[in-house]
Structure formats: C-alpha cells, structure tokens
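Asks: This is the structure I have questions about; it appears just below.
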Amino acid sequence: MQDRMIGDARVTRVEEIAGPGFPAAQFFPEFDAQTFKAQEHWLAPSYYSPESGRLVRSIHSWVIRMNGLTILVDTCCGNHKPRPGMPGFNMLDTDYLDRLRAVGVQPEEVDLVLCTHLHVDHVGWNTKLENGKWVPTFPKAKYVMSRRDHDHWQAAARKPETEEYERNTYNDSVLPIVEVGLAEMVDSEHDLGRGLMINPSPGHTPGHIHITLESKGKRALFSGDALHNPVQVPLWTWNSRFCEDTNVARQSRNKILSHCAHEHALLMPAHFGSPHAAFIKAKGDDFALDWDHGPS
Ligand SMILES: [Zn+2]
C-alpha cells in the first residue's frame, strides 16, 4: 500500500505510467552539465538514468480520503486519446482505473477532482471513451479547475497554430466536463473547507494551482507541476521546458518550497519517482530534500 496519513486524511498514490521520460539536457532550459553532474549521485536510478541521459518520472494521481469524501488530485493521461507528436502519451491503454479500484476507489465514489492545471498528463482520465463519445469518468464528481487556466486553454484550442495534442487535450478531456455542467471554475484562491485550500502558483501554466491540506496539525502540499523532478529542489531556479512564464514559475516554485519548509508540509508532486513525497529543509536561500519513506 502507498497510504500516508496527514492527520485524519488518508492519501494514496495511484500510478498510471512510470519510467524514463525526456532527456535532462532538453527538459531544463537552464541545464548546465556540470551543475547537473554534481547531483547525479543521488538522482540515479529513481529520478535519472545516466545510461540514457533521460529523467525518470512517474505519472500519478493522489487520492485523498477524509471525512467521508473521496478527492482525486490530477487524472494523468487517460486511455485511447490521440496525442500527435507526443508518443509517450498517445493512444495509451493502461489499467489505471483497475489500480484505482484496487485501492478501494470506485469511479462513481469520487466526490471531487482537483486539476492543478490543464496539461495533457493531468486531465486525461477526466473523461473516458464510451460508444464513441467522451464522457466523465467520475460521473458524480465536481471537477475543480482554475478559471484562468480554463480560459487560456479554451482560447488556445481554437487557434490552428496550437499543437494538435494540446487542442485535443482541451477538446476530449476538459470541454466534455464543462458541457455536462460538472466543471467548477475557481479563481486563484479558494477555500474547499475541511482544511483544503486552493492556492495560485502561476508560471508553469497561467492558472496553475496547488492544494494545501491541513488536518490535526499535519500538513501536505500537492504541487502539480511547479516542480517535475526532485533535482528542482536544490536547483529551484531551473524551470521545465513546459513552464510558460519562466520568471513567474521560478517565483511560484520558491514560494511552494518555502511554504513546505516553514510549515513542515509534506511536498506531494505529480511526477517524483519513489518514494514520491518529501519534506523540505531551508538553508538560507537554498532548499534540500528530506524524503518521506512513509508507511508505503
Ligand atoms: Zn505533468
């Protein structure tokens, strides 16, 4: 089991896919071989493959169960979705839903889906293909997303110059949720109650949000893609190639790491390899990881 207790909240990781992803040198616009080399000794093999030069990542959801509620943070890539130019995400056929059921969650039981942002690997299981139509995978859930991100991707999906896989992502994984009235658009800061807060962390996308959880004095922070790889803790000024506004993304990353360090909040990102979550220690302007091996 991959359960962690944050006070009364039980948090479970559900993996869709894992393994080597983008080459490190292409993924980080600020990549510097010598700086990266100095981190390699702890990055391999869970977060980096020296043989291939590729970053190793997991694509997973976090399930939060508390006070009788079942909440899903991010929904990975989804099945049967055409993603031209993105072979790693194209026409997947994984047993993600079986894995969700295996940890005790039936899709009909999900009350809230929280989308940190509307990228291809975070909204995929919002919908599934049924009789040739994209329908909500979690039919009784409210899907919470940032209005700013929604409006950005809605506009992008209408522009022919937008990458086809991005247009498809909006059209097959976000629009069907909006059309059936299950989307709940929120502004940058939003109190979900029960110790759950939505907070703005723009930069990776214009409306990127992160979620903070507090229960019985214990804290966690679900950071979406404010960080992709744990090397971005010591090297927190490094963005990913998918961060749209580099300066703002850097500020948001710093804010999230500072919050985790000062509030002793467990950092729970969307793509870190095992053990997938860490506490953060601040040393002057720098940050260090303190991995949470937890009960998993
Ligand atoms: Zn992602």
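The values are calculated or read from the model by the stated rules, or taken from the named source; none is laboratory data. Predicted, not measured: the structure shown is a model, and the values here were computed from it. As a convention, Cβ positions derive from the backbone with ideal geometry for all residues, glycine included, and neighbour counts pool all protein chains shown. Heavy atoms of the whole protein, side chains included, go into the accessibility calculation; ligands, DNA and RNA do not. Shrake-Rupley method; radii C 1.70, N 1.55, O 1.52, S 1.80 Å.
Asks: Pairs please, first residue from the stretch 35-59 and open to solvent by 60 Å² or more (accessible area, probe 1.4 Å), second anywhere and of a type in the set (F, W, Y) and not in a helix (DSSP H, G or I), Cβ atoms under 8 Å, 6+ apart in sequence or on different chains.
Replies: R54/F22; R54/Y48
Asks: So which residues in the stretch 216-237 are part of a loop (DSSP other than H, G, I, E, B), out of contact with any Pro (no Cβ under 7 Å at 6 or more places or on another chain) and within 16 Å of the ligand (Cβ to nearest atom)?
Replies: Residues satisfying the conditions are G224, D225, A226, H228, N229.
Asks: While we're here: Cβ-Cβ distance below 9 Å, separation of 6 or more or different chains: which pairs start in the stretch 129-153 with a residue that is open to solvent by 70 Å² or more (accessible area, probe 1.4 Å) and end on one that is among the basic types (K, R)?
Replies: So the pair list comes out as L129/K81.
Asks: Let me ask something else. Cβ contacts < 8 Å: first residue at positive phi, restricted to the stretch 90-106; second residue open to solvent by 30 Å² or more (accessible area, probe 1.4 Å), any location; separation 6+ or different chain. Result?
Replies: M91/H80; M91/P82
Asks: Among the residues of the stretch 244-268, which ones are outside any helix (DSSP H, G or I) and open to solvent by 10 Å² or more (accessible area, probe 1.4 Å)?
Replies: Of everything in the stretch 244-268, those that are outside any helix (DSSP H, G or I) and open to solvent by 10 Å² or more (accessible area, probe 1.4 Å) turn out to be E244, D245, H264.
Asks: Inside the stretch 154-166, can you point out the residues that are within 14 Å of G207 (Cα to Cα) and open to solvent by less than 20 Å² (accessible area, probe 1.4 Å)?
Replies: A156, the sole residue that qualifies.
Asks: Checking the conditions here, which among T162, T169 is of a type in the set (V, I, T), away from the ligand (no atom under 16 Å from the Cβ) and either at pLDDT 95 or above or not in a strand (DSSP E or B) (or both)?
Replies: After applying the criteria, what remains is T162.
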